[in-house]
Amino acid sequence: MQQRSSQVCGRVSLVLYACVASTLLFSPFRVRAQNAGNVGGTVTDSSGIPILGVEITTDGASVRAFTDERGMFNLGGVPSGTRTITARRLGFAPGTVTVEVSRLAEATVAIHLKPFAATLPPVVVHPARMNYTGRLAGYYERLEKNSSGVFITRYQIDHENPRLLGQLLQRVPGVMAVRGRGGITGIRLRGRTCWPLVWIDGTPMPSGEVDLDSFAPNTIHGIELYLGSTTAPARYTYTRDVSSCGTILIWSRGPDTDPIVSAPTPSVDLEGLLANLSVFNADQVDRRAILDTTRLLQLSFPPPLYAEGVQGLVIAEFVVDTMGRVENGTVGIVSSTAPLFTDAVRVALESASYVPAQKNGHPVRQLVQQPFEFSRDRQARAR
């Protein structure tokens, strides 16, 4: 009797397992997932400038994605068939595009958005020269002169976003990463078997091999590599025996390289304020807000980007209040070519002064877009 009961239970368990398996196998969710594809693409404004932070959605699914600083996005889980892709961002009219989606290949689209907010004339930062000060002055001067060393800059680190420092260093010709005792990552220059002398923020580390992977790349502001035994700046030569295998200078980030700025994303419901006519667009006012050119705008060209000869553009979006100030919590970045340019703009906007918009003879709050261009003579670095 007990044996028969066990057989019955076994058959029941088998039936239940089969039912669950078939349910999962033929579930509409599974079928839908199998028939889903990806849509990738770019979102730009009417001038072709990439737009950051655009929300991408599609009909037939609740998936969404956002564009990066290059205006690029990848939207997964889009049901197969003819789909409408919608792009939305505050300050722009929504954009849509129709695309054929298949699970066999990624669909690619390009979406152009028209701005609602008034785009003001650009603020151009074009210094004739730069006076470097502080602990990094020597590094910036050598970088600008393009001296005998090999430089890995903050701009390169931010764009490549490497996981480990060793991976970044061994991309330089003549540099090889090796595994040392205890699994540490060391560096060899020009095929030598000995380790180079490493300096951290001007302090030498001569006692032995330095584990370079112990330094997170996103904490490093710049690196100088001097592959020869006598090519390092005189200030960074130790003794001939210690410096004979090459020299590496590592400069860290700190308060002098990363200024403290306000919150990076708007904390005010701008969309609601626009809908309630508490904030106006350019076509809703009698006189548009403009930058007050009688007051100095405290905007500086970031020294590491100037030294490297990097030019850039930032388009910021914010509300100018009735006093002509940039309203707290409303600053957003529409587009930016480098994080350091973005930081410089955010710092400048904290004290910027504008002539407020007017409607019916009274000052009103207006949403604007302000381009900031960072320009310099690229040939100056070659001198």
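The values are calculated or read from the model by the stated rules, or taken from the named source; none is laboratory data. It should be emphasised that the depicted structure is a prediction, and the values quoted were computed from it without experimental measurement. When we count neighbours, we look across all protein chains shown, and the Cβ atoms used for this are built from the backbone with ideal geometry, even at glycine. Note: accessible area is taken over every heavy atom of the protein model, side chains too, but ligands, DNA and RNA are not part of it. Shrake-Rupley method; radii C 1.70, N 1.55, O 1.52, S 1.80 Å.
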Check your understanding: If you take the residues in segment 115-125 that are within 23 Å of the chain's Cα centre (by Cα) and surrounded by fewer than 16 Cβ atoms within 10 Å (Cβ to Cβ), which one is farthest from Gly222 (Cα to Cα)?
Key -> Pro122
Check your understanding: If you go through segment 133-150, how many residues are in contact (Cβ under 8 Å) with a residue 60 or more places away in the chain and open to solvent by less than 30 Å² (accessible area, probe 1.4 Å)?
Key -> 6
Point to revise | Answer from Thr237, Thr257, Thr231, Thr265 - the residue that is within 22 Å of Arg346 (Cα to Cα) and modelled with pLDDT of 75 or more | key: Thr257
Review point. Inside segment 83-96, can you point out the residues that are out of contact with any Gly (no Cβ under 7 Å at 6 or more places or on another chain), in a strand (DSSP E or B) and within 14 Å of Thr57 (Cα to Cα)?
Key: Thr84, Ile85, Thr86, Arg88, Gly95, Thr96
Review point. Any residue at all in segment 327-337 that is over 30 Å from Ile157 (Cβ atoms) and touching a helix residue (DSSP H, G or I) at 6+ places or on another chain (Cβ under 8 Å)?
Key: yes
**Study point:** Leading residue by the ranking (least open to solvent (accessible area, probe 1.4 Å)) among those in segment 159-207 that are without any contact (Cβ under 8 Å) to a residue 24 or more places away in the chain and part of a loop (DSSP other than H, G, I, E, B)
**Key:** Gly191
Exercise for review: Please specify each residue of segment 284-331 satisfying the condition of being closer than 25 Å to Ala128 by Cβ, within 28 Å of the chain's Cα centre (by Cα), open to solvent by 30 Å² or more (accessible area, probe 1.4 Å) and not aliphatic (A, V, I, L, M).
Suggested key: Gln298, Ser300, Pro303, Glu308, Gln311
Revision key, fill the gap. Filtering strands (runs of 3 or more DSSP E) wholly in segment 1-71 for at least 3 residues that are among the polar types (S, T, N, Q) and modelled with pLDDT of 90 or more gives 36-45
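Please count how many residues of segment 334-353 are in a strand (DSSP E or B) and surrounded by 22 or more Cβ atoms within 10 Å (Cβ to Cβ).
Going through segment 334-353, the residues in a strand (DSSP E or B) turn out to be 334-336, 353.
From what is left, the residues that are surrounded by 22 or more Cβ atoms within 10 Å (Cβ to Cβ) are 334-335.
Of the residues in segment 334-353, 2 are in a strand (DSSP E or B) and surrounded by 22 or more Cβ atoms within 10 Å (Cβ to Cβ).
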**Study point:** Selected residue (criterion: most open to solvent (accessible area, probe 1.4 Å)) from residues of segment 47-105 that are aliphatic (A, V, I, L, M) and under 18 Å from the mean Cα position of the chain (by Cα)
**Key:** Met72
